[in-house]
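Since the structure comes first, as structure tokens, the remarks are kept for the end.
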């Protein structure tokens with residue numbers, strides 16, 4: 001008689017457990033990005049070496065962004081299909097990479113479709129209730145891995161993490177976004193920035 005009792009008790013306990021919450025759907029996350037034209041937010045960047053820097057992010061979708069760092073001459077300008085990293089105020093020849101080979105392309109692309117992207121390798125709800133989307137180009141491991149972290153109600157991007165092929169991780173925590181501002185195109189022009197610095 002004990003065996004049926006134990007079985008029923010286990011089943012009762014199982015059905016009493018709360019169902020695991022579903023992550024925000026990839027379709028809803030894609031719609032979130034598609035709805036952004038311009039946005040800006042403060043950020044805190046936690047580097048792999050333990051250092052911490054702050055700054056402000058400006059976005060103008062599709063394809064444009066700017067990272068201004070506080071108390072630093074480093075500037076990152078994304079535009080014209082390029083990511084340009086200026087290391088100081090006189091740097092007229094920045095390091096440049098095609099946007100298409102960087103993690104930023106996933107959120108700055110003209111048509112964001114996370115559900116059909118070959119780069120998305122994981123999509124889940126974390127223990128803290130956030131939704132996490134992991135992207136990786138499995139044919140190019142040297143490009144590293146990007147994890148996007150979203151909060152719900154309303155849907156918003158709150159953090160991302162990049163990990164390079166050596167396992168070094170950089171975390172960027174985002175503050176509250178301001179949407180709908182008008183920005184000059186020069187703000188997102190690596191060429192214009194380089195010309196200004198060469199004067």
| message | Sorting check: for 70-82, 182-194, which peptide has the highest mean count of neighbouring beta carbons within 10 Å, and how do the rest follow? | response | 70-82, 182-194
| field | Listed candidates (i) 42, 38, 33; (ii) 68, 29, 27; (iii) 90, 36, 33 - label of the one calculated as Cα extents along the principal axes in Å | value | (iii)
| query | Helix-derived [θ] at 222 nm for the chain: sum -39500 (n - 2.57) over DSSP H runs of at least 4, divide by residue count, nearest 500? | reply | -5500 deg cm²/dmol
| request: Could you list 59, 161 in order of exposure, starting from the residue whose Cβ has the fewest other Cβ atoms within 10 Å? | output: 161, 59
| By how many degrees, 0 to 90 and rounded to 10, does the Cα axis of helix 2-16 deviate from the longest principal axis of the chain? | 30
| task | Rounded to the nearest 0.05, what FRET efficiency do residue 34 and residue 125 give with R0 = 25 Å and r taken as the Cβ-Cβ distance? Could you check? | result | 0.70
| field | Where labels lie 7 Å past Cα in the beta-carbon direction, separation of residue 96 and residue 187 in nm | value | 2.2
| message | Taking 0.36 nm per residue of sequence separation and subtracting the Cα-Cα distance, how much length would be gained by fully extending the chain between residue 152 and residue 166, in nm to one decimal? | response | 1.9 nm
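Bear in mind these aren't lab numbers, they're just calculated from the coordinates by the rules spelled out. None of the values given here were measured: they were computed from a predicted structure. FYI the Cβ positions are ideal-geometry reconstructions off the backbone, even for glycines, and counts take in every protein chain you see.
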